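The values are calculated or read from the model by the stated rules, or taken from the named source; none is laboratory data. Remember, it's a predicted structure, so these values are computed and weren't measured experimentally. Methodologically, a virtual Cβ is constructed for each residue, glycine included, from the backbone with ideal geometry; neighbour enumeration extends over all protein chains shown. Ligands, DNA and RNA are stripped out before the accessible areas are found, and what is left, the full protein with its side chains, is counted by its heavy atoms. Shrake-Rupley method; radii C 1.70, N 1.55, O 1.52, S 1.80 Å.
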Amino acid sequence: MDLKTSDRVTAPLRSTASNGLKIVIVGGFGVGKTTMVRSVSEIRPLSTEEVMTRAGVGIDDAAGVRDKTTTTVAFDFGRISLNDQMVLYLFGAPGQQRFWFLWDRLFSGTLGAVVLVDTRRVEDSWYAIDRLEHHGMPFIVARNDFGGPAYRLEDIRKALDLSEDIPLIDCDARERDSSKKVLITLVNHLYSLSTAQTGDR
(Lines give C-alpha, C1' and ligand atoms only; values in the text may rest on other atoms or scores of the structure.)
Protein backbone atom coordinates (compact mmCIF):
# COMPACT_ATOMS: atom_id res chain seq x y z
CA MET A 1 0.00 0.00 0.00
CA ASP A 2 1.57 3.27 -1.09
CA LEU A 3 1.23 6.36 1.08
CA LYS A 4 0.73 9.23 -1.33
CA THR A 5 0.85 12.97 -0.86
CA SER A 6 -0.13 15.93 -2.99
CA ASP A 7 2.31 18.48 -4.36
CA ARG A 8 1.30 21.10 -1.79
CA VAL A 9 4.21 22.60 0.15
CA THR A 10 4.31 21.47 3.78
CA ALA A 11 3.41 24.27 6.19
CA PRO A 12 5.16 24.14 9.58
CA LEU A 13 2.98 23.92 12.66
CA ARG A 14 2.83 27.28 14.43
CA SER A 15 4.80 27.45 17.65
CA THR A 16 1.81 29.09 19.35
CA ALA A 17 -0.49 26.11 18.65
CA SER A 18 -1.68 24.70 21.96
CA ASN A 19 -4.94 22.89 21.15
CA GLY A 20 -5.12 19.96 18.76
CA LEU A 21 -8.55 18.65 17.80
CA LYS A 22 -9.00 15.35 15.99
CA ILE A 23 -12.01 15.09 13.71
CA VAL A 24 -13.13 12.40 11.29
CA ILE A 25 -14.88 12.83 7.94
CA VAL A 26 -17.20 9.92 7.23
CA GLY A 27 -19.80 9.00 4.65
CA GLY A 28 -20.57 6.61 1.84
CA PHE A 29 -18.34 5.34 -0.93
CA GLY A 30 -17.21 8.11 -3.30
CA VAL A 31 -18.95 10.90 -1.40
CA GLY A 32 -15.91 13.22 -1.38
CA LYS A 33 -14.05 12.55 1.86
CA THR A 34 -10.61 12.35 0.27
CA THR A 35 -11.41 15.40 -1.84
CA MET A 36 -12.34 17.43 1.23
CA VAL A 37 -9.15 16.51 3.10
CA ARG A 38 -7.08 17.43 0.04
CA SER A 39 -8.86 20.73 -0.57
CA VAL A 40 -8.51 22.08 2.94
CA SER A 41 -5.29 20.62 4.37
CA GLU A 42 -2.43 23.07 4.81
CA ILE A 43 0.10 20.23 4.60
CA ARG A 44 0.58 17.59 1.95
CA PRO A 45 -2.25 15.17 2.80
CA LEU A 46 -1.39 11.59 3.57
CA SER A 47 -3.52 9.33 1.41
CA THR A 48 -3.98 5.57 1.18
CA GLU A 49 -5.79 5.58 -2.15
CA GLU A 50 -5.41 2.56 -4.37
CA VAL A 51 -6.57 1.84 -7.90
CA MET A 52 -9.87 -0.02 -7.93
CA THR A 53 -9.56 -3.52 -9.38
CA ARG A 54 -11.82 -6.39 -10.31
CA ALA A 55 -11.46 -7.68 -6.76
CA GLY A 56 -14.03 -5.11 -5.70
CA VAL A 57 -16.61 -6.05 -8.32
CA GLY A 58 -19.72 -7.38 -6.62
CA ILE A 59 -18.39 -6.21 -3.25
CA ASP A 60 -18.15 -2.43 -3.50
CA ASP A 61 -21.37 -0.68 -4.49
CA ALA A 62 -20.25 1.70 -7.24
CA ALA A 63 -23.75 2.79 -8.21
CA GLY A 64 -23.67 6.52 -8.90
CA VAL A 65 -19.86 6.63 -8.94
CA ARG A 66 -19.09 4.62 -12.07
CA ASP A 67 -16.28 6.98 -13.05
CA LYS A 68 -14.41 6.47 -9.79
CA THR A 69 -11.06 4.72 -10.39
CA THR A 70 -9.39 4.90 -6.96
CA THR A 71 -10.52 4.25 -3.42
CA THR A 72 -9.28 4.85 0.13
CA VAL A 73 -8.27 1.61 1.82
CA ALA A 74 -7.26 2.93 5.26
CA PHE A 75 -7.63 6.66 5.84
CA ASP A 76 -6.67 10.13 4.62
CA PHE A 77 -4.89 12.57 6.91
CA GLY A 78 -4.53 16.33 6.78
CA ARG A 79 -4.13 19.35 9.04
CA ILE A 80 -5.53 22.86 9.18
CA SER A 81 -4.84 25.71 11.61
CA LEU A 82 -8.04 27.51 12.54
CA ASN A 83 -6.15 30.23 14.42
CA ASP A 84 -2.84 30.73 16.25
CA GLN A 85 -3.79 28.29 19.00
CA MET A 86 -6.19 25.77 17.49
CA VAL A 87 -5.24 23.05 15.01
CA LEU A 88 -7.54 20.46 13.43
CA TYR A 89 -6.19 17.03 12.54
CA LEU A 90 -8.37 15.59 9.79
CA PHE A 91 -8.97 11.91 9.17
CA GLY A 92 -10.99 10.79 6.17
CA ALA A 93 -12.53 7.35 6.74
CA PRO A 94 -12.84 4.72 4.00
CA GLY A 95 -16.33 4.47 2.55
CA GLN A 96 -16.66 0.86 1.43
CA GLN A 97 -18.44 -1.54 3.76
CA ARG A 98 -15.49 -3.96 3.80
CA PHE A 99 -13.35 -1.28 5.48
CA TRP A 100 -15.91 -0.13 8.06
CA PHE A 101 -14.12 -2.14 10.76
CA LEU A 102 -11.49 0.65 10.72
CA TRP A 103 -13.99 3.30 11.75
CA ASP A 104 -14.10 2.45 15.44
CA ARG A 105 -10.32 2.84 15.63
CA LEU A 106 -10.43 6.15 13.81
CA PHE A 107 -13.09 7.35 16.25
CA SER A 108 -10.72 6.85 19.20
CA GLY A 109 -9.79 10.26 20.60
CA THR A 110 -12.05 12.06 18.13
CA LEU A 111 -14.00 15.08 19.36
CA GLY A 112 -16.44 15.29 16.49
CA ALA A 113 -17.20 14.27 12.94
CA VAL A 114 -18.46 15.49 9.59
CA VAL A 115 -20.89 13.28 7.70
CA LEU A 116 -20.67 13.97 3.98
CA VAL A 117 -23.87 13.27 2.04
CA ASP A 118 -24.39 12.67 -1.68
CA THR A 119 -28.08 13.32 -2.39
CA ARG A 120 -27.96 10.76 -5.20
CA ARG A 121 -27.27 8.09 -2.55
CA VAL A 122 -28.62 9.44 0.73
CA GLU A 123 -29.04 5.94 2.17
CA ASP A 124 -25.25 5.49 2.14
CA SER A 125 -25.08 7.97 5.03
CA TRP A 126 -27.27 5.99 7.42
CA TYR A 127 -24.49 3.70 8.65
CA ALA A 128 -22.19 6.64 9.39
CA ILE A 129 -24.84 8.42 11.43
CA ASP A 130 -25.75 5.21 13.24
CA ARG A 131 -22.11 4.57 14.26
CA LEU A 132 -21.59 8.13 15.44
CA GLU A 133 -24.75 8.02 17.53
CA HIS A 134 -23.66 4.64 18.92
CA HIS A 135 -20.38 6.21 20.06
CA GLY A 136 -22.16 9.31 21.37
CA MET A 137 -19.98 11.47 19.14
CA PRO A 138 -21.11 14.97 18.12
CA PHE A 139 -21.36 15.51 14.40
CA ILE A 140 -22.65 17.79 11.68
CA VAL A 141 -23.91 16.86 8.22
CA ALA A 142 -22.70 18.48 5.00
CA ARG A 143 -24.39 17.93 1.66
CA ASN A 144 -21.67 17.72 -0.99
CA ASP A 145 -22.63 19.34 -4.30
CA PHE A 146 -22.50 16.80 -7.12
CA GLY A 147 -24.93 18.69 -9.34
CA GLY A 148 -27.63 16.10 -8.82
CA PRO A 149 -31.36 16.58 -8.16
CA ALA A 150 -32.19 19.67 -6.13
CA TYR A 151 -33.48 18.90 -2.64
CA ARG A 152 -34.19 21.29 0.18
CA LEU A 153 -32.02 20.87 3.25
CA GLU A 154 -35.24 20.23 5.15
CA ASP A 155 -35.85 17.23 2.90
CA ILE A 156 -32.36 15.88 3.63
CA ARG A 157 -32.90 16.35 7.36
CA LYS A 158 -36.14 14.41 7.18
CA ALA A 159 -34.64 11.63 5.04
CA LEU A 160 -31.78 11.17 7.52
CA ASP A 161 -34.05 11.61 10.56
CA LEU A 162 -31.78 14.32 11.96
CA SER A 163 -32.82 16.26 15.03
CA GLU A 164 -33.00 20.05 14.71
CA ASP A 165 -29.94 20.55 16.92
CA ILE A 166 -27.60 18.85 14.41
CA PRO A 167 -26.20 21.42 11.94
CA LEU A 168 -26.90 20.64 8.27
CA ILE A 169 -25.16 22.71 5.59
CA ASP A 170 -24.25 22.71 1.90
CA CYS A 171 -20.67 22.43 0.68
CA ASP A 172 -18.45 21.78 -2.30
CA ALA A 173 -15.65 19.49 -1.10
CA ARG A 174 -13.48 20.59 -4.03
CA GLU A 175 -13.34 24.17 -2.78
CA ARG A 176 -11.03 25.08 0.11
CA ASP A 177 -13.20 27.89 1.46
CA SER A 178 -16.29 25.69 1.36
CA SER A 179 -14.54 22.80 3.12
CA LYS A 180 -13.11 25.18 5.70
CA LYS A 181 -16.62 26.49 6.40
CA VAL A 182 -17.72 22.92 7.13
CA LEU A 183 -14.91 22.45 9.65
CA ILE A 184 -15.61 25.78 11.32
CA THR A 185 -19.28 24.81 11.60
CA LEU A 186 -18.25 21.61 13.37
CA VAL A 187 -15.91 23.45 15.75
CA ASN A 188 -18.65 25.96 16.59
CA HIS A 189 -21.06 23.07 17.19
CA LEU A 190 -18.59 21.38 19.54
CA TYR A 191 -18.05 24.67 21.38
CA SER A 192 -21.80 25.19 21.77
CA LEU A 193 -22.24 21.68 23.16
CA SER A 194 -19.33 22.19 25.57
CA THR A 195 -20.74 25.52 26.75
CA ALA A 196 -24.18 23.99 27.26
CA GLN A 197 -22.75 21.11 29.31
CA THR A 198 -20.76 23.56 31.46
CA GLY A 199 -23.89 25.63 32.07
CA ASP A 200 -25.81 22.55 33.21
CA ARG A 201 -23.37 21.84 36.02
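A few points about this structure:
- Here ALA128 qualifies as in a helix (DSSP H, G or I), open to solvent by less than 30 Å² (accessible area, probe 1.4 Å) and at pLDDT below 90.
- The set of residues in the range 1-20 being in a strand (DSSP E or B) and modelled with pLDDT under 65 consists of LYS4 alone.
- Per the listing LEU168, LEU193, the residue uniquely among the aliphatic types (A, V, I, L, M), out of contact with any Phe, Trp or Tyr (no Cβ under 6 Å at 6 or more places or on another chain) and crowded, with 17+ Cβ neighbours inside 10 Å is LEU168.
- Filtered residues of the range 21-43 (kept if at pLDDT below 85 and either under 19 Å from MET86 (Cα atoms) or touching a Cys at 6+ places or on another chain (Cβ under 8 Å) (or both)): none
- Flag for LEU106 being modelled with pLDDT of 90 or more and of a type outside the set (S, T, N, Q): no
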